[in-house]
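K.L.:
Quick one: the structure is below, and I'll ask about it shortly.
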Amino acid sequence: MSEEEVEWEVIEEERKFLGLLGQKIRVRGRPKHAPHLIYARKVLEKLLELMGVDASVKVVNGGLINIEGKDAGLLIGKRGITLRALEEWINMAISKKYYPKKVELDAGGYKEKRKRKLRELALKIARKVEEEGKSFTLEPMAAWERRIIHMTLKNHPRVYTVSVGGEPYRRVVISPK
């Protein structure tokens with residue numbers, strides 16, 4: 001583990017006669033992140049190396065692993081499909097050892113940008129549904145993307161949302177109340 005991945009704690013500090021004869025210090029180190037995240041990071045680093053992708057991998061928080069670097073964009077793919085596939089593959093790889101733990105991957109901040117755009121889209125379509133009084137069906141989306149739409153509009157006074165269809169063609173419908 002690298003130094004920044006370890007959390008250090010001083011357990012015992014022994015000083016002798018005014019500190020002139022030396023000091024003994026006992027410390028305890030423990031990983032800052034859960035073992036499944038560290039394992040997932042190592043598997044992902046090895047995979048990217050084998051793929052020849054110039055990118056670095058960093059555990060950010062909770063269950064998020066961020067991929068940064070000049071080739072990070074290659075890992076996103078059209079509408080995030082490559083990133084989703086990579087995330088699914090990594091989760092299958094860690095499930096043998098750490099079931100039911102999962103990780104979330106992001107590359108170059110794609111997911112955060114996508115979340116912001118989905119919130120904006122939800123509000124824009126909600127205004128349109130209010131004005132026209134007709135339901136609007138969005139394009140098929142991944143579960144995490146549909147959840148953003150639902151959460152953005154859950155307390156909206158004049159519209160409600162529902163998911164329809166089966167995977168991978170499941171869509172969100174925004175309707176007037």
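Values quoted throughout were computed directly from the atomic coordinates according to the rules given, and no laboratory measurement underlies them. Just so we're clear, the structure is a prediction, and the values are computed from it rather than from any experiment. Note that each Cβ is placed from the backbone with ideal geometry, even for glycine, and that neighbours are counted across all protein chains shown.
K.L.:
Just to be sure I understand the model, the point goes 7 Å from the Cα along the line to the Cβ. What's the resulting Lys134 to Lys78 distance in nm?
P.N.:
With each label placed 7 Å out from Cα toward Cβ, I get 2.8 nm.
K.L.:
Something else: Please go through the residue pairs Lys117/Lys177; Lys42/Lys102; Lys46/Lys117; Lys101/Lys154; Lys46/Lys115; Lys32/Lys102 and name each one whose alpha carbons sit more than 22 Å apart in this structure.
P.N.:
Over 22 Å apart, Cα to Cα: Lys117/Lys177; Lys46/Lys117; Lys101/Lys154; Lys46/Lys115.
K.L.:
Using the Cβ atoms and a cut-off under 9 Å, what net charge is assigned to the surroundings of Arg26, where Lys and Arg are +1 and Asp and Glu are -1? List each step's numbers first, then the result.
P.N.:
Details: positive: Lys24, Arg28; negative: Glu12, Glu13, Glu14.
Result for the neighbourhood of Arg26: -1.
K.L.:
Looking only at the range 35-108, where both bridge partners belong to it, what percent of the DSSP beta bridges are antiparallel (to the nearest 5)?
P.N.:
In the range 35-108, DSSP labels about 55 percent of beta bridges as antiparallel.
K.L.:
Add -39500 (n - 2.57) for each DSSP H run of 4 or more in the chain, then divide by its residues: what number comes out at 222 nm, to the nearest 500 deg cm²/dmol?
P.N.:
Mean residue ellipticity at 222 nm (helix-derived): -13000 deg cm²/dmol.
K.L.:
Computed from these coordinates, which is Cα extents along the principal axes in Å: [x] 56, 39, 33; [y] 58, 42, 31; [z] 83, 40, 31?
P.N.:
[z]
K.L.:
Under 15 Å from the Cα of Lys24, which aspartates and glutamates turn up, not counting those fewer than eight places away in the same chain?
P.N.:
Glu9, Glu12, Glu13, Glu14
K.L.:
Determine the sum of side-chain charges near Trp89: Lys and Arg each +1, Asp and Glu each -1, restricted to other residues whose C-beta is under 13 angstrom from that of Trp89.
P.N.:
+2
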